[in-house]
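First comes the structure, then the notes that go with it.
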Amino acid sequence: MIEIRTPAEVDEMRAAGEFVASVVSATAAASKVGVNLLALDKLAGDLVRRRGAVSSYLDYHPSFGASPFGHYICLSVNDAALHGLPHSYKLRDGDILSLDFACSVDGWVADSAITIIVGTPAPADVTLLEVTSRALDAGIAAARPGNKMGDVSAAIGEVAHAAGLSVNLEFGGHGVGRTMHGDPHVPNDGRPNRGVPLRPGLVFAIEPWFMLGTDRIYTDRDGWTLRSADGSRAAHFEHTIAITDGDPLVLTARA
Ligand code: MG
C-alpha cells in the first residue's frame with residue numbers, strides 16, 4: 001500500500017534522514033586500508049545505540065535472506081553489489097566498498113548508501129562510481145510532482161545505458177516510512193510516463209546499483225551477500241527522498 005505523509009510527518013522524518021546520513025559519513029570516513037569490516041559494523045552499532053535509534057537490519061529476515069541479518073550495516077566489497085554481510089576482512093588498497101545503512105529514529109526509517117574507493121583509485125572504478133552516483137542524481141531530479149515513477153526509473157536507466165552498463169531489475173528502490181521496505185517499488189530502469197504518479201508526501205528510496213561487466217548476480221555462501229556473476233565490480237548509491245510541491249527533499253543528504 002502506498003502511503004502519503006503529511007508535511008508534519010515528512011518534517012518528523014528529517015531526524016532519521018540526518019542521523020542515517022551521519023552514520024554513512026562516519027563509517028565511510030573510517031573505511032581505510034587495513035580496517036576490518038567488523039570494526040565498521042561495530043562503529044555503526046555504537047552510533048545507533050548512542051542515538052537511541054533502532055536498527056532496520058539487526059533482526060531483518062526477509063524471504064531473500066538465509067537468516068536474520070545480525071549486523072548494523074551492509075558492507076559490500078568489490079564484486080559484492082548489495083546486502084554485503086559484514087565478515088572479518090581487512091580492507092586493501094584499491095578495494096571499492098559500498099556502505100548501505102538504514103535505521104529508524106523516533107519511529108521513522110531512513111535508508112542511504114554510498115560506494116567509496118579505499119586507497120588508490122583505479123580509473124575504471126572512478127568511472128563506475130561517477131556513473132552510479134550520477135544516475136542517483138538523475139533519478140532524484142525526476143522525482144517531482146506531475147511526473148510518474150517511470151520517469152525516475154527511465155532517468156536512472158538512461159545514465160546506465162549511456163555509459164554502456166546494463167541494469168539488473170531484481171532489486172531497486174522502495175517506499176520508506178515506519179518500516180524500511182514499502183510500496184512503491186522504484187525500478188532502476190523503465191519507461192517515462194508510466195507507473196505511480198508522484199505526489200507530495202510520497203517518501204521513497206532511490207538506489208541505483210550497477211556492475212561493470214554483467215547484469216547477473218548470485219548469492220554468496222553466507223546467504224546474504226549478492227555478487228556479480230562475472231566477478232566484476234559493483235557500485236551502489238542511495239538516498240531517501242520526499243516528493244514536495246517543488247524540488248524533492250533529500251532526507252539523507254550528507255553534510
Ligand atoms: Mg539501503
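The values are calculated or read from the model by the stated rules, or taken from the named source; none is laboratory data. Since this is a predicted model, take the numbers as computed values, not measurements. We place every Cβ from the backbone using ideal geometry, glycine too, and count neighbours over all the protein chains shown. Remember, those area values only see protein heavy atoms, side chains included, never the ligands or the DNA or RNA. Shrake-Rupley method; radii C 1.70, N 1.55, O 1.52, S 1.80 Å.
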Describe numerically, in nm with one decimal, the distance between label points set 7 Å from Cα along Cα→Cβ at residue 166 and at residue 106.
4.6
Average silhouette area of the chain, convex hull of alpha-carbon atoms, in square nanometres
12.2
Which value in nm describes the separation of the simple spin-label points at residue 178 and residue 32, placed 7 Å from the Cα toward the beta carbon?
4.4
With a 1.4 Å probe and all protein chains left in place, how much of the accessible area of the stretch 7-250 comes from carbon and sulfur atoms, in whole percent?
52
Could you report the accessible area of residue 49 in Å², rounded to 10, computed with a 1.4 Å probe on the protein chains as they sit in the structure?
130
Once the in-chain neighbours fewer than 8 apart are removed, the aspartates and glutamates whose Cα is under 12 Å from residue 32 read 93, 95
In debye to the nearest 20, the charge dipole size for the stretch 21-155, taken about the Cα centre with +1 at each Lys and Arg Cβ and -1 at each Asp and Glu Cβ, equals 260
Gained length - residue 25 relative to residue 230, 0.36 nm times residue gap less alpha-carbon distance
70.8 nm
For the pair residue 199/residue 51, report the inter-label distance in nm, with labels modelled 7 Å from Cα in the Cβ direction.
3.0
